[in-house]
1. What whole-number distance in Å separates the alpha-carbon centres of segment 119-135 and segment 28-94?
2. Which ³J(HN,Hα) values in Hz, rounded to whole numbers, follow from the phi angles of segment 114-119 under the Karplus curve 6.51 cos²θ - 1.76 cosθ + 1.60, where θ = phi - 60° and Gly and Pro get x?
3. Of [x] 40; [y] 58; [z] 66, which is the value of percent of Cα pairs over 21 Å apart derived from the coordinates here?
4. What net charge do the residues around GLY45 carry, taking every other residue with its C-beta under 14 Å from that of GLY45, with Lys and Arg at +1 and Asp and Glu at -1?
5. Measure off 7 Å from each Cα along the Cα-to-Cβ vector at ARG110 and LYS54, then give the distance between these two points in nanometres to one decimal.
6. Below 8 Å, C-alpha to C-alpha, sequence gap of six or more: please give me the relative contact order for the chain in percent.
7. Greater than 24 Å separation of Cα atoms is the criterion. Which listed pairs, LYS35/LYS102; LYS83/LYS107; LYS25/LYS99; LYS76/LYS99; LYS25/LYS120; LYS35/LYS99, meet it?
8. Given labels modelled 7 Å from the Cα in the Cβ direction, how far is it in nm from ASP78 to ALA24?
Amino acid sequence: PNKKQTMAANFGASMAAAVDAEVAKYRELQEELQKLRSDQQTLMGQQNENEMVKQELDLLDDSANVFKMVGPVLMKNDLEDAKQTVDKRLEFITGELKKTEKSIEDKEKRSQEAAENVQKMQGAMQNAAAEAARQIAAQQQK
């Protein structure tokens with residue numbers, strides 16, 4: 001192989017390595033997205049559960065007995081305390097959901113960019129391979 005062919009082979013190998021790195025980045029982002037979506041589902045379940053508890057507590061009058069599970073024991077709890085606890089929990093869950101949704105948006109954007117980069121790089125590799133083949137064919141005709 002002449003010098004041009006060796007350079008083309010090295011260039012092709014480095015481009016392939018760059019594509020592999022970008023594909024790995026894309027896969028990692030997809031795994032992170034999957035975990036974030038799972039976390040989002042969990043938070044949404046907790047939010048629904050706490051909304052239902054809040055609705056139930058709102059139906060009670062002030063004289064109602066409210067109990068809270070502490071380990072294996074039911075402890076008597078003040079209705080107002082229970083309502084405040086649920087409200088605080090809902091506030092926290094809503095904040096976590098917002099953070100998770102923002103992370104999902106960010107990762108989706110980065111994942112899309114990585115996928116586009118892979119496509120561009122693969123296209124450039126195909127063009128470079130076609131050009132190298134043309135050059136080799138032209139040299140062989142001489």
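1. 57
2. Using θ = phi - 60°, the values come out as 5, 5, 5, 4, 4, 4 Hz.
3. [z]
4. -2
5. 3.2
6. Rounded, it is 40 percent for the chain.
7. LYS83/LYS107; LYS76/LYS99
8. Computed distance between label sites ASP78 and ALA24 equals 5.8 nm.
The values are calculated or read from the model by the stated rules, or taken from the named source; none is laboratory data. Remember, it's a predicted structure, so these values are computed and weren't measured experimentally. Please note: Cβ atoms are built from the backbone with ideal geometry, for glycine as well, and neighbour counts cover all protein chains shown. Protein only, heavy atoms only, side chains kept; ligands, DNA and RNA dropped before computing areas. Shrake-Rupley method; radii C 1.70, N 1.55, O 1.52, S 1.80 Å.
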